[in-house]
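Before any comments, here is the structure.
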Amino acid sequence: MHQPNMMPWIGYFYKIFQSDVFILVDDIQFIKTGSSYTNSVSFNERGKTIKLTVPIKRVKGETQNINETTPVDHDWKRKYKKRIELAYCKCDYYQEEKDFIFKLITNPTNNHAQYNIHFIKEIAKRLNISTEIVVSSSLNVEKIENATDRIIKLANAVDATHYISGRGGDKYQNQKLFSNNNIELTYSNFIDFEYKQYRTKTFIKGLTIIDAIFNIGFKNLQLKFEEIYHDSCQLSI
């Protein structure tokens, strides 16, 4: 499970690839100030990391959940589309995939969580990922302050026997609670890999998956996921 990030990086989709069920946690509080991965994304522009942040409407003194967020306006989509076009127009798979990607970017929905969820689901489909993707707000699980208890409640709601955590989860998760609830806690075995990026000699990590799509294409990305999964399975035997 994970928050519905905006145009996430490759590792996010590999985590979906590993899972039988993936929960998009949309009913937790959006940060009060600044930006997070739910409304910002990084891409490569002439060998430099460029970050785009979507301005979100906020009501002073009030909190809002991720699934209650809306952008200040839709003009950012036009600007982002133009920046992407200039940054990636000469990549090997740009012509092949631009219509698909730009249709996702210009999605007219006004709810930002729904915008992100639609992007994630459509990219997963193109990668032939068969994982069932569930939105947490549809599970009617009570809200709990403790992060691990919340994860366990959501996991139980989909009858999970295993929970795949990101590598940073060990810093805040209570591992004993998982075993007490008969859920096996494992960590994502994603191995970060490099691929040819346009106009840079030094590989830039952590960029939106759009960067990989335009540079190596969906098929090669899918094959790489399968290779990483196969290799990790061999190592665990």
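Readers should treat all values here as calculations from the given coordinates under stated rules, not as data from a laboratory. In this text, all values refer to a predicted model and were calculated from it rather than measured experimentally. Backbone-built Cβ (ideal geometry, glycine too); neighbour counts: all protein chains shown.
Key figures
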read-out: Enumeration of residues in the range 76-129 that are of a type in the set (Asp, Glu) and more than 25 Å from residue 28 (Cβ to Cβ); value: 85, 92, 96, 97, 99
read-out: Set 147, 124: member being in contact (Cβ under 8 Å) with a residue 60 or more places away in the chain and either surrounded by 13 or more Cβ atoms within 10 Å (Cβ to Cβ) or more than 18 Å from the chain's Cα centre (by Cα) (or both); value: 124
read-out: Matching residues, the range 172-202, being part of a loop (DSSP other than H, G, I, E, B), loosely packed, with under 13 Cβ neighbours inside 10 Å and either among the acidic types (Asp, Glu) or on the phi > 0 side of the Ramachandran plot (or both); value: 182, 192, 194
read-out: The one condition in (1) in a helix (DSSP H, G or I); (2) under 24 Å from residue 190 (Cα atoms); (3) of a type in the set (D, E, K, R) that residue 51 fails to fulfil; value: (1)
read-out: Exclusive hit being of a type in the set (Ser, Thr, Tyr), farther than 30 Å from residue 143 by Cα and under 18 Å from the mean Cα position of the chain (by Cα), set 36, 42; value: 42
